[in-house]
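Take a look at the structure set out below.
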Amino acid sequence: MKQALGVVVVTYNSAAVIKEALQSIDEDVNCVVVDNCSTDDTVDRALACGAQVVRLDANQGFGAACNIGAYTLNTPFVLFLNPDARLRPGALRHLVEAALERPEWVAVNPQFRTSQGNQWYRRKSLLLTSDANRRLKQPPSGRQEIEVISGATLLVRRNPFLELGGFDENIFLYFEDDDLAVRIKKAGWKLGYAGDAVVEHIGNSSSQWTPHIEELKSYHFMKSAIYVTTKHGVKFNLRKKLYTSYLNWLIAACFNSTQGRAKYSGYIRAILEASSVAPVRGRIFSL
């Protein structure tokens with residue numbers, strides 16, 4: 001396994017979850033932790049687990065850090081593993097076996113399970129047609145071709161991945177997997193699913209929650225959504241998104257929801273930056 005596969009884990013203030021993620025990786029597999037300038041104990045905990053750590057001087061975003069990890073390794077396959085994900089026994093072996101069986105698969109997802117044991121899978125993508133999104137309603141099973149991937153745990157063939165430019169580094173966070181899926185398929189390759197490889201994904205636990213983190217993630221979510229839809233020529237109604245975000249912010253304010261205000265403040269900031277609408281002055285939408 002060590003000769004065929006290396007694992008990349010991108011962290012940012014992930015001290016609370018990194019140990020369990022690293023301990024779930026097979027002992028004979030090389031692991032590189034690319035740390036996006038954490039201010040907590042993430043790096044120390046990763047080193048204590050025996051991982052190679054690449055420390056970045058600034059937070060370069062998820063995709064850029066993944067690319068750095070892929071260049072650091074020299075294995076035919078690279079697995080990108082979120083720090084809030086846990087590999088169940090045999091998951092790595094099954095992923096590699098599936099990729100070897102289907103050489104046209106450049107990217108392969110495992111079966112995702114929530115901490116409650118429920119199956120999770122992508123049900124929608126901004127970059128797919130309505131017909132393709134309808135097909136996503138059916139959960140994948142066995143080993144099959146799929147139309148969209150999740151970057152939470154993703155096996156890629158290193159050379160084709162890098163030849164395609166890796167993850168688009170213009171995307172700081174979110175939708176980099178949707179964009180990669182489109183580029184893989186346009187290049188004539190395919191996406192795969194290995195249902196016998198199981199990964200538990202906690203979700204939204206890679207970093208500790210704060211209102212600032214909520215606003216920052218929401219800002220990048222909306223900014224990336226605008227970027228990828230523009231890049232791939234997909235219709236995205238900015239004005240409607242702005243109006244609904246204003247409305248939801250006001251509802252959150254009425255109910256004194258700190259999380260809601262932070263979320264929709266992030267959306268509004270990203271939309272205003274991307275549109276010709278003049279920024280709203282004053283503190284009405286402050287946290």
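The values are calculated or read from the model by the stated rules, or taken from the named source; none is laboratory data. Every value quoted in this text rests on a predicted model; they were computed, and no experiment measured them. Cβ atoms come from the backbone with ideal geometry, glycine included; neighbour counts cover every protein chain shown. Surface areas here come from the heavy atoms of the whole protein model, side chains and all, with no ligands, DNA or RNA. Shrake-Rupley method; radii C 1.70, N 1.55, O 1.52, S 1.80 Å.
Quick look at the values:
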| quantity | calculated |
| --- | --- |
| Mean residue ellipticity (222 nm) of the chain, computed from DSSP H runs ≥ 4 via -39,500 (n - 2.57), nearest 500 | -12000 deg cm²/dmol |
| Efficiency of FRET between R134 and V234 - r from beta-carbon atoms, R0 22 angstrom, step 0.05 | 0.85 |
| Segment 153-254: C-alpha gyration tensor shape, a/c 1.5 cut-off, then a/b vs b/c | oblate |
| Cα centroid separation - segment 206-262 against segment 77-155, whole Å | 26 Å |
| Per residue, in Å², the accessible surface of the chain once ligands and nucleic acids are set aside, probe 1.4 Å | 49 Å² |
| Accessible-area composition of segment 79-142, carbon plus sulfur, in percent [1.4 Å probe] | 49 percent |
| Vicinal HN-Hα couplings computed from phi for segment 12-20 (Karplus, 6.51 cos²θ - 1.76 cosθ + 1.60; Hz; Gly/Pro x) | 8, 6, 10, 4, 5, 10, 5, 4, 5 |
| Net charge of Cβ neighbours under 14 Å - reference S130; Lys, Arg +1; Asp, Glu -1 | +4 |
| Value of relative contact order over the chain, rounded to a whole percent, pairs C-alpha under 8 Å and six or more apart | 19 percent |
| Most to least packed among 243-256, 72-85, 34-47 [average Cβ atoms within 10 Å] | 72-85, 34-47, 243-256 |
| Choice from I202, I149, I171 showing the highest fluctuation, given a GNM over the chain with Cα pairs closer than 10 Å | I202 |
| Spin-label zone in segment 147-175 - amide nitrogen under 16 Å from a point set 7 Å from the Cα of N74 along the C-beta vector | 158-159 |
| Rounded tilt (10° steps) of 258-274 against the dominant C-alpha axis of the chain | 90 degrees |
| Peptides 157-170, 262-275 ordered by average Cβ neighbours within 10 Å, highest first | 262-275, 157-170 |
| Of all DSSP beta bridges in segment 1-133, antiparallel share, percent nearest 5 | 10 percent |
| Extended-chain gain in nm, criterion 0.36 nm per residue less alpha-carbon gap, Q3 and T210 | 70.5 nm |
| Proximal lysines to K241, defined as alpha-carbon separation beneath 26 angstrom and excluding residues fewer than eight positions away on the same chain | K124, K137, K217, K223, K231, K263 |
| Segment 188-257: trypsin sites (Lys or Arg not before Pro) in DSSP loop, at most 14 other beta carbons within 10 Å | K235 |
